[in-house]
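Asks: Here it is: the structure, laid out below.
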Amino acid sequence: RFLAYAWGHPKSLDQREDVRNCSISPPYLPVTAVNTTAQLTALRQQMYIHNLSAYIVPDTDAHMSEYIGEYDQRRAWITGFTGSAGVAVLTMGKASLWTDSRYWTQAERQMDCNWELHKEVGTTPIITWLLTEIPVGARVGVDPFLFSISTFFPQFQFKFKTKTQQLPPDQLNYI
């Protein structure tokens, strides 16, 4: 006996109802998306006051813990994205999140249209993006307690020195 099944084609990402669609007007946001407009405005005000062209928000705490306490979930607060891996970078005009493939759908469900999702990992894509987004002589802010000096800072310092952007060493936690 032969049974036939009719399988429909899966909807493409821009047709799904469980993820955001920022390419239509008005944008579609699922109920799981977090409105981050107020957080972005507050951080950009601090960036302006401290003459920063960009600010980097990692997914770590001051102890480089694998599991971060609620108090230290800065990246989740600014982006709405609660996945355990990702780095957010803000400029005065853009907000971007880098995460790996495990979290792409989650990010599309949780972030609003203030955010661009970059589907790459590592510091090199972030540095490359920053160098194209900020002007020569710009300052990039970080909370130095949230970065591993041996892995993160050497790459940033080298790339920025060759392009004359600056990574000031004495930044505060603005989030």
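Asks: Answer with one residue from Gly86, Phe147, Leu52: the one whose Cα lies farthest towards the positive end of the charge dipole of the stretch 36-164, charges on Cβ with Lys, Arg +1 and Asp, Glu -1.
Replies: My answer, from the dipole projection, is Leu52.
Asks: Can you grab the distance from the C-alpha centre of the stretch 84-103 to the C-alpha centre of the stretch 13-46, Å, no decimals?
Replies: 14
Asks: Under the classification rounded if a/c is under 1.5, otherwise prolate if a/b is larger than b/c and oblate if not, where does the stretch 36-164 fall, given a ≥ b ≥ c as square roots of the Cα gyration tensor eigenvalues? Write down the numbers at each step before the final one.
Replies: Values: a/c = 1.40, a/b = 1.23, b/c = 1.15.
Taking the square roots of the gyration eigenvalues as a ≥ b ≥ c, the stretch 36-164 is rounded.
Asks: Moving to a separate point now. Can you give me the % of accessible surface on the stretch 36-164 that is carbon or sulfur? Probe 1.4 Å, all protein chains present, nothing else counted. Show your work: numbers first, answer last.
Replies: Details: 3570 of 6430 Å².
Whole-percent figure for carbon plus sulfur exposure: 55.
Asks: Between Phe145 and His50, what length in nm is gained on full extension when 0.36 nm per residue of separation is reduced by their alpha carbon distance? The partial results should precede the final answer.
Replies: Details: separation 95, 0.36 × 95 = 34.20 nm, distance 1.81 nm.
Full-extension gain reported as 32.4 nm.
Asks: Between Arg16 and Glu120, take the C-beta separation as r, use R0 = 25 Å, and let me know the FRET efficiency to the nearest 0.05.
Replies: Numbers: r = 22 Å, r/R0 = 0.88.
My answer for the efficiency is 0.70.
Asks: Extending each Cα 7 Å along its Cβ direction at Tyr67 and Thr32, get the distance between those two points in nm, one decimal.
Replies: Using points 7 Å along Cα→Cβ, the separation is 2.2 nm.
Asks: In percent, what relative contact order does the stretch 33-142 have, based on Cα pairs under 8 Å that are 6 or more apart in sequence?
Replies: 32
Asks: Ignoring ligands, DNA and RNA, what accessible area per residue does the stretch 36-164 give at 1.4 Å, in Å²? Spell out each step's value before the answer.
Replies: Working: 6430 Å² over 129 residues.
That works out to 50 Å² per residue.
The values are calculated or read from the model by the stated rules, or taken from the named source; none is laboratory data. Model, not experiment: these values are computed from the prediction. Cβ: placed from backbone, ideal geometry, glycine included. Neighbour counts: every protein chain shown. When the accessible area is computed, the model is the full protein with side chains, heavy atoms only, and any ligands, DNA or RNA have been set aside. Shrake-Rupley method; radii C 1.70, N 1.55, O 1.52, S 1.80 Å.
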